[in-house]
1. Return yes when Gly137 is surrounded by fewer than 24 Cβ atoms within 10 Å (Cβ to Cβ) and over 13 Å from Gly176 (Cβ atoms) and no when it is not.
2. Test Arg408 against the criterion of being within 30 Å of Asp231 (Cα to Cα) and among the charged types (D, E, K, R), and give yes or no.
3. Among the listed residues Arg52, Arg62, Arg112, which satisfies the condition of being modelled with pLDDT under 95 and within 22 Å of Ile235 (Cα to Cα)?
4. Restricting segment 292-307 to residues that are under 16 Å from Arg15 (Cβ atoms) and not hydrophobic (A, V, I, L, M, F, W, C), which is modelled with the lowest pLDDT?
5. Kindly provide the set of residues from segment 112-139 that are closer than 20 Å to Glu8 by Cα and among the hydrophobic types (A, V, I, L, M, F, W, C), ordered by number.
6. Checking the conditions here, which among Leu216, Leu256, Leu209 is at pLDDT 95 or above and of a type in the set (A, V, I, L, M)?
7. Please indicate, with yes or no, whether at least one residue in segment 195-204 is in contact (Cβ under 8 Å) with a residue 40 or more places away in the chain, under 24 Å from Thr306 (Cβ atoms) and surrounded by 23 or more Cβ atoms within 10 Å (Cβ to Cβ).
8. Taking the residues in segment 242-279 that are of a type in the set (D, E, K, R) and buried (at least 21 other Cβ atoms within 10 Å of the Cβ) as candidates, determine which candidate is nearest to Lys57 (Cα to Cα).
Amino acid sequence: MDYYDDLETRDPEVRERALFAALPGQIAHARANAPHFARLLKEVEPNEVRDRKALAKLPVTRKSDLIALQKETPPFAGMTAVATGALGRVFSSPGPIYDPQGARGDYWRMGRALFAAGFRRGDLVHNTFSYHFTPAGMMMDLGAQAVGCAVFPAGIGQTELQIAAIADLKPVGYAGTPSFLKILLEKADELKVDASSLKKALVSGEALLQPVREWLKAHDVEVRQCYGTADLGLIAYETEPMGGLIVDEGIIVEILRPGTGNPVAEGEVGEVVVTTLCTEYPLIRFATGDLSAAAAGISPCGRTNTRIKGWMGRADQTTKVKGMFVHPSQVAQVVKRHAEILKARLVVDHDADKNDRMTLHCEVRNRNDLLAQAITNTLREVCKLRGQVEFAESGSLPNDGKVIEDLRKYD
């Protein structure tokens with residue numbers, strides 16, 4: 001088996017020493033050049049942070065606070081270490097949260113995940129992640145170029161046009177969500193269009209459910225998944241089906257008890273917290289809000305880095321629907337625009353085909369079809385996702401403080 005580089009097969013102790021040898025310099029860099037970390041880490045002596053025990057004493061910066069922090073100190077909450085004009089691109093994720101991209105190749109480090117998924121020099125990749133506002137499209141685009149692949153920037157939607165392009169261009173690889181890949185292949189079957197060139201896929205943005213993986217394999221597409229965020233880029237990637245996700249080489253991952261800065265016991269589910277060695281956006285102990293757990297042992301593929309069990313839900317009420325984050329503040333915006341809504345609760349689940357579905361349950365005054373349609377339109381406008389609206393009886397929604405309830409199952 002070949003590897004992306006020699007870093008992947010290092011002795012774990014060698015990797016740990018290398019990461020923590022680089023960390024003091026990164027902390028010093030963040031303090032000197034990023035005002036947020038200058039304040040947050042002002043009492044920290046960088047040269048003393050040389051192991052996980054010392055790292056665990058540093059304060060956590062939470063993704064869930066980014067919207068408010070960026071409003072206070074636009075555009076990046078004082079967390080970037082370079083001027084905005086020195087960046088390569090700037091994106092806007094739902095919230096809005098503004099995401100910087102450095103001006104260098106494979107800034108998001110996605111090449112490693114694509115290589116592990118079987119992508120090689122000379123492949124054509126059909127990339128269906130969005131190039132509009134959010135960084136997912138460029139993440140895969142730059143990663144594919146780093147591997148030596150050409151890219152067809154398909155973006156989202158326009159299913160029939162995408163199928164026609166696949167038939168004409170015959171890409172061997174796909175990048176996007178697993179559910180959209182299934183939709184494309186089903187539509188190709190329905191229209192009797194040849195999409196058989198697709199043989200491998202790197203998917204992300206939503207959970208890869210086992211029935212979907214098996215369906216795609218039956219259609220001759222070998223699928224691997226990866227996990228990343230718009231702030232950090234690649235966090236972990238899959239090499240063996242159902243074998244866990246291997247942590248990327250350029251970051252330090254901790255699994256913490258949600259709402260704290262304390263590491264959980266090995267194997268226990270907790271919040272994924274990442275410290276990156278990225279110089280443009282030097283995030284130190286950045287709490288993603290995602291839940292996962294460390295997996296025991298080393299991957300049978302020969303890569304020696306820590307494995308995590310993949311995305312296991314959210315540590316806060318922010319959730320991800322069809323690859324897009326939905327925040328409690330967005331539900332509040334919908335409610336604010338309609339005085340008739342007394343109380344609302346956004347429920348996320350799966351439909352019969354295991355696709356993500358969201359429904360806004362509302363207690364309202366004077367329910368009627370026009371109001372339901374108006375709220376539906378607002379929900380789509382604010383969240384950039386389609387959703388349903390259902391009226392609930394007055395007093396029927398639980399009094400538990402939840403704004404978003406995620407009912408999806410991943411076992």
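The values are calculated or read from the model by the stated rules, or taken from the named source; none is laboratory data. From a predicted model like this one, the values you see are computed outputs, not experimental measurements. All Cβ positions, even for glycine, are placed from backbone atoms using ideal geometry, and neighbour counts span all protein chains on display.
1. Details: surrounded by fewer than 24 Cβ atoms within 10 Å (Cβ to Cβ): yes; over 13 Å from Gly176 (Cβ atoms): no.
The answer is no for Gly137.
2. Numbers: within 30 Å of Asp231 (Cα to Cα): yes; among the charged types (D, E, K, R): yes.
It is true that Arg408 is within 30 Å of Asp231 (Cα to Cα) and among the charged types (D, E, K, R).
3. Arg62
4. Looking at residues that are under 16 Å from Arg15 (Cβ atoms) and not hydrophobic (A, V, I, L, M, F, W, C), I get Gly297.
5. The first filter runs over segment 112-139 and keeps only residues closer than 20 Å to Glu8 by Cα, leaving 112-121.
Matches in segment 112-139: Ala113, Leu114, Phe115, Ala116, Ala117, Phe119.
6. Details: Leu256 fails: at pLDDT 95 or above; Leu209 fails: at pLDDT 95 or above.
Testing whether each residue is at pLDDT 95 or above and of a type in the set (A, V, I, L, M) leaves just Leu216.
7. Yes, because at least one residue in segment 195-204 is in contact (Cβ under 8 Å) with a residue 40 or more places away in the chain, under 24 Å from Thr306 (Cβ atoms) and surrounded by 23 or more Cβ atoms within 10 Å (Cβ to Cβ).
8. Applying the first criterion (of a type in the set (D, E, K, R)) to segment 242-279 yields 248-249, 254, 257, 266, 268, 271.
Subset that is buried (at least 21 other Cβ atoms within 10 Å of the Cβ): 248, 254, 271.
Details: Asp248: 23, Glu254: 12, Glu271: 16 Å.
Restricting to residues being of a type in the set (D, E, K, R) and buried (at least 21 other Cβ atoms within 10 Å of the Cβ), the top hit is Glu254.
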